[in-house]
1. Could you state the accessible area per residue of region 158-236 in Å², with a 1.4 Å probe and every protein chain left in place?
2. Between L120, A185, S152, whose Cα lies farthest towards the positive end of the dipole of region 108-205 when Lys and Arg beta carbons carry +1 and Asp and Glu beta carbons carry -1, centred on the Cα centre?
3. Tell me, how many Å apart are the Cα centres for region 188-241 and for region 74-152?
4. Along the charge dipole of region 177-251, Cβ charges K/R +1 and D/E -1, which of L204, L245, P233 sits furthest on the positive end?
5. Rounded to the nearest 20 Debye, what is the dipole magnitude of region 136-204 about its Cα centre when Lys and Arg each give +1 and Asp and Glu each give -1 at the C-beta?
6. Report the relative contact order of region 174-224, percent, no decimals, based on alpha-carbon pairs under 8 angstrom and at least 6 residues apart.
7. Before anything else, pin down the relative contact order of region 87-196: Cα pairs under 8 Å, at least 6 apart, normalised by residue count, whole percent.
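The values are calculated or read from the model by the stated rules, or taken from the named source; none is laboratory data. Note that the coordinates shown come from a computational prediction; the quantities given were computed from them, not determined experimentally. Methodologically, a virtual Cβ is constructed for each residue, glycine included, from the backbone with ideal geometry; neighbour enumeration extends over all protein chains shown. The protein model used for the area step is the full one, side chains on, heavy atoms only, and it has no ligands, DNA or RNA in it. Shrake-Rupley method; radii C 1.70, N 1.55, O 1.52, S 1.80 Å.
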Amino acid sequence: GAVALHCALPVWQTPSAAGALGAVIMAVCLAGCASEPVQPAAPKSDNLYSGQPRAVYGTEFPAASAPEATLRGDAAFAKGDLDRALYFYVESLNIDPAQVSTLLKIGSIHRQRGDQDRALAAYRRVLAVEPDNVNALEGAGLVLLDRRAHDSAGELLGRAAAHDPNRWRAFEGLGVLADLRGDYAKAIESYAAALKVRPDRASLYSNRGYSRYLAGDIAGAEADFRAALSVDPAFDRAWRNLGLLYVRQKR
């Protein structure tokens with residue numbers, strides 16, 4: 001059976017000759033097969049790496065375990081060396097692919113760097129294992145919002161906000177989506193929910209003020225723009241919005 005699979009006998013061999021030659025042919029065949037190089041499977045997480053060529057880190061002492069690789073990635077991240085952090089996080093995943101926390105770190109770095117494809121790939125891997133992971137729902141939703149996939153973004157951000165009312169970024173994203181739909185009441189509500197968590201964010205006051213401006217609530221808009229400037233006097237967008245409001249009032 002093994003001979004038939006790897007080295008078919010010539011059709012002209014008689015049964016007796018085949019019996020005599022069978023062992024020789026089998027030995028030669030198996031020796032040849034054994035000497036063929038076996039190509040290792042490519043690591044499944046290498047597509048999540050971006051940055052300097054991996055050979056740059058070829059002299060690094062290999063991590064003995066996934067936790068060790070993750071710790072080395074954390075140390076690099078703390079120093080602001082994102083390429084090295086990604087390298088070790090991906091090495092950690094190659095050792096143990098089922099690490100949600102490491103995937104989230106990778107997704108966050110790629111979002112920070114504007115690499116939407118890899119960020120989304122990392123978040124989707126998390127959601128395939130934990131469909132209600134709030135960090136992945138919010139991260140993927142914000143990436144999709146940036147990519148103008150509004151329906152998908154709204155679905156994921158809505159789920160994140162429903163699971164955790166402290167997800168102010170999710171509420172901010174929902175506010176942006178509501179503004180784009182012209183649903184200013186919903187936008188104001190979403191920004192208000194975000195402000196409950198982050199009353200120190202000038203952008204949230206400015207966004208809510210603009211929604212109020214579009215809804216015709218001039219007094220409320222002015223109050224929000226001034227609140228934004230009290231938090232951050234150098235926030236240009238609030239100054240521009242306040243200027244637009246004064247133009248409308250002929251002030």
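1. Values: 3690 Å² over 79 residues.
Value for region 158-236: 47 Å² per residue.
2. L120
3. 30 Å
4. Among L204, L245, P233, the one farthest towards the positive end of the dipole of region 177-251 is L245.
5. Values: 10 positive and 10 negative charges, 17 e Å.
The calculated dipole for region 136-204 is roughly 80 debye.
6. Working: 51 pairs, mean separation 15.3, N = 51.
Here the relative contact order equals 30 percent.
7. Numbers: 135 pairs, mean separation 17.3, N = 110.
The normalised contact order for region 87-196 reaches 16 percent.
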